[in-house]
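The values are calculated or read from the model by the stated rules, or taken from the named source; none is laboratory data. On a predicted model such as this, the values are computed, not experimentally measured, just so you know. Please note: Cβ atoms are built from the backbone with ideal geometry, for glycine as well, and neighbour counts cover all protein chains shown.
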Amino acid sequence: MTASATTDLHLAIAHHLLFLLLAGVLAFEISAVRSSMDREAILRVARVDAWYGILAVAIIVVGFSRAILAAKGWAYYSVNLFFWAKLGAFAVVGLLSIMPTVEFIRWRKAISANLTFAPAPHGIRNVRRVLFAEAIVFALIPAFAAAMARSYGSLSPWHRSNLSHMGKTRTRRCSETATMGKIASQQGWVAVSEKPFK
């Protein structure tokens, strides 16, 4: 395995793990933000939300490192529409996450000043609505990544022709396999028919 392939493997593993951790943080926030939130729940979700920003920055750093330094290189990613769609979706998730973060900080400050503080019901509903919107957009990111990895959406003529060639090769192989199976079946039938009866 070459040094470039090894680097690509390590960055890919780190990228996927960070993505899963970020998804876990988002899932936790959706489950934790409830109308029955008490002081401990508010402080807990505020602490976890701090990791949301840290993980998001780490994903951006590792992702761009992978795009620039890894095996395929920037030339592969920069001409792919799904790569930019993936970045756009991640940016939308980041923008949506601002509102819940601001609310969590406000709630934490309020409960530090007043131990009986409880978030307003409409405020909790608004935060949950935004969190669900984040989750919907977040789900598009792996879909875009899967399409990008297979060269769909590429503006490069070489990538498009290569994708077309791969499809033709797969079709030809399937046809050859079917033909070989038919020949083997016919040969087996001939062998059986020529076997002398006792």
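Exactly one residue among Ala14, Ala5 is surrounded by fewer than 13 Cβ atoms within 10 Å (Cβ to Cβ), over 30 Å from Pro119 (Cβ atoms) and either in contact (Cβ under 8 Å) with a residue 24 or more places away in the chain or in contact with a Pro (Cβ under 9 Å, 6 or more places away or on another chain) (or both), and that residue is Ala5.
Out of all the residues in region 76-93, is one or more surrounded by fewer than 13 Cβ atoms within 10 Å (Cβ to Cβ) and either at pLDDT 95 or above or touching an Asp or Glu at 6+ places or on another chain (Cβ under 9 Å) (or both)?
The answer is yes, given that some residue of region 76-93 is surrounded by fewer than 13 Cβ atoms within 10 Å (Cβ to Cβ) and either at pLDDT 95 or above or touching an Asp or Glu at 6+ places or on another chain (Cβ under 9 Å) (or both).
Tally time: how many residues in region 35-58 are outside any helix (DSSP H, G or I) and either in contact with a Cys (Cβ under 8 Å, 6 or more places away or on another chain) or surrounded by 16 or more Cβ atoms within 10 Å (Cβ to Cβ) (or both)? Steps first, answer last, please.
Residues of region 35-58 outside any helix (DSSP H, G or I): 35-38.
After this cut, where a residue has to be either in contact with a Cys (Cβ under 8 Å, 6 or more places away or on another chain) or surrounded by 16 or more Cβ atoms within 10 Å (Cβ to Cβ) (or both) as well, the list is 37.
Matching residues across region 35-58 total 1.
Against the list (1) over 30 Å from Pro119 (Cα atoms); (2) hydrophobic (A, V, I, L, M, F, W, C); (3) surrounded by 15 or more Cβ atoms within 10 Å (Cβ to Cβ), the condition Val61 fails is (3). For region 24-34, indicate whether the set of residues that are surrounded by fewer than 14 Cβ atoms within 10 Å (Cβ to Cβ), in a loop (DSSP other than H, G, I, E, B), over 23 Å from the mean Cα position of the chain (by Cα) and without any contact (Cβ under 8 Å) to a residue 24 or more places away in the chain is non-empty. Checked region 24-34: no residue is surrounded by fewer than 14 Cβ atoms within 10 Å (Cβ to Cβ), in a loop (DSSP other than H, G, I, E, B), over 23 Å from the mean Cα position of the chain (by Cα) and without any contact (Cβ under 8 Å) to a residue 24 or more places away in the chain.
Taking the criterion of being loosely packed, with under 15 Cβ neighbours inside 10 Å and of a type in the set (S, T, N, Q), the residues of region 94-115 that qualify are Ser112, Asn114.
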